[in-house]
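Sharing a structure with you now.
A short reminder: the numbers here are calculations on the coordinates, not readings from a lab. Note that the coordinates shown come from a computational prediction; the quantities given were computed from them, not determined experimentally. Using ideal geometry, Cβ is built from the backbone for each residue, glycine included, and neighbour counts are taken over all protein chains shown.
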Amino acid sequence: MASGISSDKIDLLIYGPSKPLIEQGFSDQYVLHKFETQPDLERLTPDVAGRIRAIAVTGLVPTNAAVLSRFPKLEIISSFGVGYDHIDAKAAAEHNIVVTNTPDVLTEEVADTALGLFIATAREFIKADRYLRSGLWLTQSYPLSVGSLRDRKVGMVGMGRIGQAIGRRLDASLVPVVYHSRNPAAGVSYKHYPNLIEMAKLVDTLIVITPGGPSTANLINAEVMSALGPRGIIVNVARGSVIDEPALIAALKSGTILAAGLDVFAQEPKVPDELRAMQNVVLLPHIGSASVVTRNAMDQLVVDNLKLWFAGKAPMTPIPETPVKGR
Ligand code: NAP
Ligand code: 8YV
């Protein structure tokens, strides 16, 4: 967009997929510079980069130390989404750059997605839909589903904002819940298992809703799948990186586990052909929060956090690694 001399105006880089509501959210006090991908960003001239004071990150574009080093005047990164594993939060903190995300406004939507994905996987809804469309119902009833919520026990992996919202839905569905996380969650009465393998042995379903990044990389590995066992269902609405994807494919093929419902993948938007060919998986294109109403609320929070910052106030949702002091 504009890239002329911006004097007293605030130069704002909008980095990532096009988001009209975010772009329209800023008055002419701001000069917007839009770049969708990392290669695009290479075209940003050093003099403009030198004036950028804020970045709105509109999707899962890598915002690493090399990217940050190009913006000496950068004060704040307002990122779309609650997960921020695509941003180097440590490098931002070292350079006194505040990072904000969009928690809470998407919690219930993502929890709805997780429960829907769990039911669709256990009860084979998508496979049954394909059966009807192909005309097979005219010849024979759809077979009974092997899976059911009625005889299951869920082990949540992650019991934060979204994990607790999923737990409330499982309570309403009369499905028993326990959970694994590094520390017990405050105010949560479900049984906490600090040891994931121990929990996986005692349940038949894992619903994964942790952050991505190094601390959770391949947390759900072959050993966990084998502990879960042949009735096992894994639902992942966290990040693709949290599951060892080749191990998952092998476990689904061999019957080590029964089925999986996946909203996230290791190399999005690429999904392994082997997974796409399987009948015992439900695959969603990362739509956990993707309704108009929820995405609008996320867009608005990206805008509000930046505007508060430039009004001299504290943004609403800074990440814990970059707390805001003195505003
Ligand atoms: P949150 O409130 O921060 O909760 C995160 C939970 O994960 C906490 O219970 C935390 O407990 C646990 N956790 C973190 N690191 C862990 C580790 N190494 N091992 C085990 N447990 C760990 O976050 P939230 O708002 O619920 O969001 C969770 C994540 O969901 C996001 O970061 C994002 O990746 C994903 N998400 C996906 C979609 C989608 O569209 N599919 C949408 C929104 C969010 P401890 O710190 O005690 O371990
Ligand atoms: C977004 C998400 O779709 O909030 C998150 O962490 O994964 C989703 O709500 C994602 O940030 C892509 O922009």
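Determine how many Å³ per residue the convex hull of the Cα atoms of region 107-283 encloses.
Spelled out: Cα convex hull of region 107-283, divided by residues, is 119 Å³.
Given a Förster radius of 56 Å and the C-beta distance between Arg150 and Arg327 as r, what FRET efficiency does 1/(1 + (r/R0)^6) yield to the nearest 0.05?
0.60
Now for a separate question. For q = 0.13, 0.14, 0.29 Å⁻¹, what log10 I(q)/I(0) does region 39-100 give under the Debye formula with an equal point scatterer on each alpha carbon and no solvent?
Summing over Cα pairs of region 39-100 leads to -0.30, -0.35, -1.46.
Next up: Treating cross-link reach as a plain straight distance, find the lysines whose alpha-carbon is under 18 Å from the alpha-carbon of Lys19, omitting any fewer than eight places away in the same chain.
Lys34, Lys307
With an 8 Å cut-off on Cα pairs and a minimum separation of 6 or more residues, tell me the relative contact order of the chain in percent.
Relative contact order comes out at 17 percent.
Turning to a different aspect of this structure: What's the exposure ranking of Met156, Met316, going from fewest to most Cβ atoms within 10 Å?
Met316, Met156
Also, I was wondering about something else. Please report the Cα spread of the chain along all three principal axes, rounded to whole Å, starting with the longest.
71, 46, 32
When the chain is treated as a GNM, springs tying every alpha-carbon pair under 10 Å, which of Ala56, Ala238, Ala311 comes out with the largest mean-square fluctuation?
Residue with maximal mean-square fluctuation among Ala56, Ala238, Ala311: Ala311.
Can you tell me the FRET efficiency between Leu136 and His95 if r is taken as the Cβ-Cβ distance and R0 is 56 Å, rounded to the nearest 0.05?
0.40
I want to check a number: in region 107-283, how many lysine pairs have alpha carbons closer than 21 Å, given a sequence separation of 8 or more or different chains?
Final tally of qualifying lysine pairs is 6.
Charges at C-beta only: +1 for Lys and Arg, -1 for Asp and Glu. How large is the resulting dipole of the chain about its Cα centre, in Debye rounded to 20?
With Lys and Arg at +1 and Asp and Glu at -1, about 520 debye.
What are the aspartates and glutamates whose alpha-carbon lies under 19 Å from the alpha-carbon of Lys73, with same-chain residues fewer than 8 places away excluded?
Straight-distance partners of Lys73: Asp8, Asp11, Glu42, Asp47, Asp88, Glu94.
Here's another thing I want to ask about it. With +1 assigned to the C-beta of every Lys and Arg and -1 to the C-beta of every Asp and Glu, and no other charges, what is the dipole magnitude of region 64-213 about the Cα centre in debye, to the nearest 20?
340
Helix-only mean residue ellipticity at 222 nm, the chain, DSSP H runs n ≥ 4 weighted -39,500 (n - 2.57), per residue, nearest 500. What is it?
The helix-only estimate for the chain comes to -9000 deg cm²/dmol at 222 nm.
Identify which of Leu12, Leu248, Leu308 has the largest mean-square fluctuation in a Gaussian network model of the chain, with springs joining Cα atoms closer than 10 Å.
Leu308
Full-extension gain between Glu36 and Lys201, please, as 0.36 nm times their residue separation minus the C-alpha to C-alpha distance.
Stretched fully, the Glu36-Lys201 segment lengthens by 55.0 nm.
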